[in-house]
Amino acid sequence: MYQVEEFPEVWADACIRESDGRFLFISLYGRDGSLMQFMAAMQLGNKEGGIQRFHLRDDDGKRHLVEVGGVDRLGKHTGRLPKQNLFGPLGQLWVFDKNLQEPDRANRIGWALHYSAVSDLGSLNEAQEHDLDDRAWQLIKSLSPVALLDHWRAEVLAWCRDKQAVQIMGSDLYPTLGPVKAVRVSLSEHFLDFISDGVRVGRLRLQL
C-alpha cells in the first residue's frame, strides 16, 4: 500500500501514470470524509486548499510523484469494503481518465488494463505480458478500420511495438505502482499502409 503523503489518512494500492507523471488510474482507500477531502483538493487545483500534484509513499519511505492534470478528464467509481475488516468502515475510490472507458474510434486510440495479484514495481512477468498482448490484439482488431486475421497477430504486434503503436504504460521515471498494468494502442495511417503493403507482397497471407 502507498500512503498519500499530503493526505495521510488516504492510501492507494495501484496507480498508473503517463510519461509526464499525470495519473490515468488510481485506486484509493480511506474513510469517506478523507476521500472526499482528497477529491475536493484535486478539484480546487491551484486555488487555496487545492493540489496539483501529490506523493505516494511506499513501505520503504520512497516517494512517488503523481501529477493531477485537468480534473475535467476524470471520472470516479466508489465502493465499500465489508464492515468486518481490520481497519473499520472504509471506502474505496477509483479515479480514472475517462478515455480509459471507451476507445476513441475517430482517432483510433484505446486502452486496456490488466489486474494481477503480483504487484511488482513497474515490471511485468510472463503471464502479465501474455495477457496484455491478448488485450492489445483484441483492441487493435476493434480499432482497425480493416479486417485483421488472427494468424497475423505475431507480425502485427511486433510492428506495433516497434513503431510504438502499442505501448505498455510505465517508465523508469513513472513506473506503474501496484497490481494494475495498462497498454495503450494508437493506430495511425502508417498502420494501414503496413497492412495493405503486407497483404500485397504476401507478408500477411490471406490463408494459412
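Miscellaneous remarks
- Failed criterion for Q92 (all others in (1) part of a loop (DSSP other than H, G, I, E, B); (2) modelled with pLDDT under 95 hold): (1)
- Residue match in the range 2-13 (condition: among the small types (G, A, S), at pLDDT below 95 and not assigned by TED's automatic domain parsing to the domain that holds G178): no
- Condition check for G49 on (1) part of a loop (DSSP other than H, G, I, E, B); (2) under 16 Å from the mean Cα position of the chain (by Cα): one failure, at (2).
- Scan of the range 24-67 for residues that are buried (at least 17 other Cβ atoms within 10 Å of the Cβ), in contact (Cβ under 8 Å) with a residue 40 or more places away in the chain and over 27 Å from A112 (Cα atoms), ordered by number: I51
- In the range 7-46, the residues that are in contact with a helix residue (DSSP H, G or I) (Cβ under 8 Å, 6 or more places away or on another chain), farther than 13 Å from G69 by Cβ and part of a loop (DSSP other than H, G, I, E, B): F7, E9, V10
- Some residue of the range 177-197 being at positive phi and in contact (Cβ under 8 Å) with a residue 24 or more places away in the chain: yes
The values are calculated or read from the model by the stated rules, or taken from the named source; none is laboratory data. The shown structure was predicted, so the numbers you read here are calculated from the model rather than taken from an experiment. Cβ sites come from the backbone with ideal geometry, for glycine too, and all protein chains shown count toward neighbours.
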